[in-house]
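The values are calculated or read from the model by the stated rules, or taken from the named source; none is laboratory data. Here the structure is a predicted model, which means the values were calculated and not measured. We place every Cβ from the backbone using ideal geometry, glycine too, and count neighbours over all the protein chains shown. Just the protein is used for accessible areas: all its heavy atoms, side chains included, with ligands, DNA and RNA removed. Shrake-Rupley method; radii C 1.70, N 1.55, O 1.52, S 1.80 Å.
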Amino acid sequence: MQLEFFGAAGEVTGSCHILRVAGHQLLLDCGMIQGDADAPARNRLPFPFDPTTIDAVILSHAHIDHCGRLPLLVKRGYRGPIYTNKACADLVPILLRDSANLAMRDAERERVEPLYDLEDVETTLRLLRPIAYDTRRELLPGVTVQVRDAGHILGSSSIEVWVSEQGEQRKLVFSGDLGQYDTPILKDPFAFGSADLVLMESTYGNRRHRGREDTERELDGILAQAHRDGGNVIVPAFAIGRSQELLYLLAKHYAEWHLARWKIFLDSPMAIAASRVYWNNPDRFDEETTRLRASFRGMPPLPNLVLSESADESRAINHLRSGALIIAGSGMANGGRVLHHLKHNLERPECHVVIVGFQAPGTLGRQLVDRAPEVRIHGQRVRCLAQVHTLGGLSAHGDQADLLRWYDSFAGHPPVYLVHGEVPSSEALAEKLREHGATATVARPGLSIDLANLPALSRD
Ligand SMILES: [Zn+2]
């Protein structure tokens, strides 16, 4: 029984780990590498295994850095089941089709073969096998799993894996991506209690977010100021997760924050589609959202919300000089409709830009966060005179305190391997985990662990 690290070891993206038990091979995630200039070339490299010899895949959640190379795996011959929970299986088509469209567009520009196309995606989607939360299921002889809430995006899970081989049994817990505790809409990350080995994300292993209430107050303050200034508000937001959280917060505080004076736009067909999936999976909601939903007989309404599907509808927003609150993608403003909104509003000091998610180096979003005096959009120079705010407290990832709290739910200090983090972040978390009694190691690609060598701590 062996676990080998392939992706998201020493970096944030490309999540993929290989579990070999009793002659069978299971993949945990098969994500896309994103960000660096060499990412496209790295995604094209051969897998360190023959895709036709993999017996099953289990997917933690629908983000592209976790599911984005599934169509490539299928293109290269994989035809086995892809297990994930139902809400995740509802979101995956939205992300993979978008990813194929981007790949095809890039390939046409660079005159190369696309990483995969829409047909590969459709073949992949037919392999999805939804499984229920909180229910044990034997996926392969010697491999039983159970998916639990991770509180990161809708349908995100942490995965318990029981493996047995030659009379030895061990339990591995893979965190997937962990959300903040008390995230709007979603349930908190599940507290496991026991494991022989923990595989844990460390995106924000060295950071602390601002508290939830402070963050909401700050957003209220920004909107009030923007109203006094008489401009527009632009929010670059990821289509899945941040957009729905924002809509939920705006609806919840509609009266209190005097939001009737705004015209609110969700300007992203992908975010609109993802929102429908969110609102159609109420069994994944936390107590507060369930209560609100019951009292409104549906999701809390946002009467002045305009869903802007077509490009013409999106362009029409450009004529509004004040009172528009525009949520548009992409989340890091490195493409998408948010670009033309920024082009029309950045040079106006009465306008505000609210950054709600992680901004990778090199993106336009990061330049805004770093207060660049001038940026380039669609080849044009645009001065940044609008007011830019960064709301760290809306992140989809837990901070250091959240990650430690999650680890502390395990009895007996099981050993931890840290994945899904830049090295400084993973190292900082490893240091903290050692203070909490753990043996913590930062995973590197190609590292392989023999699970039978670990002491058996868990009794379930
Ligand atoms: Zn994620």
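Which value, in Å to one decimal place, does the Kirkwood hydrodynamic radius take for the chain when every pair of different Cα atoms is included?
Details: mean 1/r = 0.0439 Å⁻¹.
Kirkwood hydrodynamic radius for the chain: 22.8 Å.
For Lys432, which aspartates and glutamates qualify as cross-link partners when the Cα separation must be under 20 Å and same-chain residues fewer than eight apart are set aside?
Once the sequence-local aspartates and glutamates are set aside, what remains near Lys432 is Glu11, Asp177, Asp196, Glu201, Asp399, Asp402, Asp408, Glu422.
For Arg79 and Arg381 in one chain, what is 0.36 nm times their gap in residues minus the Cα-Cα distance, to one decimal in nm? Could the numbers behind the result be given before it?
Numbers: separation 302, 0.36 × 302 = 108.72 nm, distance 4.84 nm.
Extra length from Arg79 to Arg381 when fully extended: 103.9 nm.
Segment 211-301: which GluC sites (Glu not before Pro) are DSSP loop and have at most 16 other beta-carbon atoms within 10 angstrom? Walk me through the intermediate numbers first.
Numbers: sites: Glu213, Glu216, Glu218, Glu245, Glu256, Glu287, Glu288; in loops: Glu256.
Within segment 211-301, the qualifying GluC sites (Glu not before Pro) (loop, at most 16 other Cβ atoms within 10 Å) are Glu256.
How far is it, in nm, from the label point at Arg208 to the one at Arg276 when both lie 7 Å from their Cα along the line to the Cβ?
4.4 nm
What angle do you read, to the nearest 10 degrees and between 0 and 90, between the alpha-carbon axis of helix 423-435 and the longest principal axis of the chain?
60 degrees
Hey, which lysines would be in cross-link range of Lys252, C-alpha to C-alpha under 20 Å, not counting anything within fewer than 8 residues on its own chain?
Filter leaves Lys187, Lys263.
For the chain, what is the mean residue ellipticity at 222 nm derived from helices alone (per DSSP H run of n ≥ 4: -39500 (n - 2.57); sum divided by total residues; nearest 500 deg cm²/dmol)?
Values: 14 runs with 140 residues, N = 460.
Result for the chain, helices only: -9000 deg cm²/dmol.
Based on the Cβ-Cβ distance from Ala456 to Asp408, what FRET efficiency comes out when R0 is 22 Å, to the nearest 0.05?
Numbers: r = 21 Å, r/R0 = 0.95.
That pair, Ala456 with Asp408, gives E of 0.60.
Can you give the FRET efficiency to the nearest 0.05 for Ala372 and Thr123, using r as the Cβ-Cβ distance and R₀ = 60 Å? Provide the component values of the computation, followed by the final result.
Numbers: r = 43 Å, r/R0 = 0.71.
In this case the efficiency is close to 0.90.
Take the Cα pairs of segment 5-103, get the Kirkwood Rh, then feed it into Stokes-Einstein at 10 °C and 1.306 mPa s and tell me D in µm²/s.
On the way: Rh = 13.6 Å.
Rounded to a whole number, D works out at 117 µm²/s.
May I ask you to give the percent of accessible area on segment 97-176 that is carbon plus sulfur, with a probe radius of 1.4 Å? Show your work: numbers first, answer last.
Numbers: 1550 of 3740 Å².
The nonpolar share, carbon plus sulfur, comes to 42 percent.
Would you mind telling me the antiparallel percentage of the DSSP bridges in the chain, rounded to 5? Working shown, then result.
Values: 35 of 73 bridges.
Counting DSSP beta bridges with both partners in the chain, the antiparallel share is about 50 percent.
Heavy atoms only, probe 1.4 Å: what % of the accessible area of segment 281-418 goes to carbon and sulfur, would you let me know? If you can, show how the numbers build up before the last one.
Values: 3260 of 6290 Å².
Accessible surface attributable to carbon and sulfur in segment 281-418 totals 52 percent.
When only DSSP loop residues count, what trypsin sites (Lys or Arg not before Pro) in segment 31-81 have their Cβ near at most 13 other Cβ atoms within 10 Å? If you can, show how the numbers build up before the last one.
On the way: sites: Arg42, Arg44, Arg69, Lys75, Arg76, Arg79; in loops: Arg69, Arg76, Arg79.
In loop regions of segment 31-81 (DSSP not H, G, I, E or B), the sparsely surrounded trypsin sites (Lys or Arg not before Pro) are Arg79.
Using only Cα atoms, tell me the angle between helix 212-229 and the longest principal axis of the chain; keep it within 0 to 90° and round to the nearest 10.
20 degrees
Helix 242-252 versus the longest principal axis of the chain: what is the Cα-based angle in degrees, 0 to 90, to the nearest 10?
60 degrees
Test of understanding: what is the full-extension gain from Arg321 to Glu110, defined as 0.36 nm times their sequence separation minus their Cα-Cα distance? The partial results should precede the final answer.
Values: separation 211, 0.36 × 211 = 75.96 nm, distance 3.81 nm.
Additional length available on full extension: 72.2 nm.
With every protein chain left in place, what is the accessible area per residue of the chain in square angstrom, probe 1.4 Å? Kindly include the intermediate steps, with their values, before the conclusion.
Numbers: 18610 Å² over 460 residues.
Counting only protein heavy atoms, the per-residue value for the chain is 40 Å².
Straight-line reach only, C-alpha to C-alpha below 14 angstrom: list the aspartates and glutamates that Lys343 could link to, leaving out same-chain residues fewer than 8 apart.
Glu374
If you wrap segment 296-335's Cα atoms in a convex hull and average its projection over all directions, what's the area in nm²? Before the final figure, lay out the partial values.
Numbers: hull surface 16.7 nm².
Result: 4.2 nm².
With the Cα gyration tensor of segment 216-332 giving a ≥ b ≥ c as the square roots of its eigenvalues, does the rule (a/c under 1.5 for rounded; else a/b larger than b/c for prolate; else oblate) give rounded, prolate or oblate?
Working: a/c = 1.94, a/b = 1.27, b/c = 1.53.
Oblate shape, in that a/c is at least 1.5 and b/c is the bigger or equal ratio.
Can you compute the FRET efficiency between Thr52 and Arg291 using 1/(1 + (r/R0)^6), with r the Cβ-Cβ distance and R0 = 41 Å? Round to the nearest 0.05.
My answer for the efficiency is 0.25.
So if each residue of separation counts as 0.36 nm, and I subtract the Cα-Cα distance between His253 and Gln166, what length gain in nm does that give?
Values: separation 87, 0.36 × 87 = 31.32 nm, distance 5.71 nm.
Net length gain for the segment: 25.6 nm.
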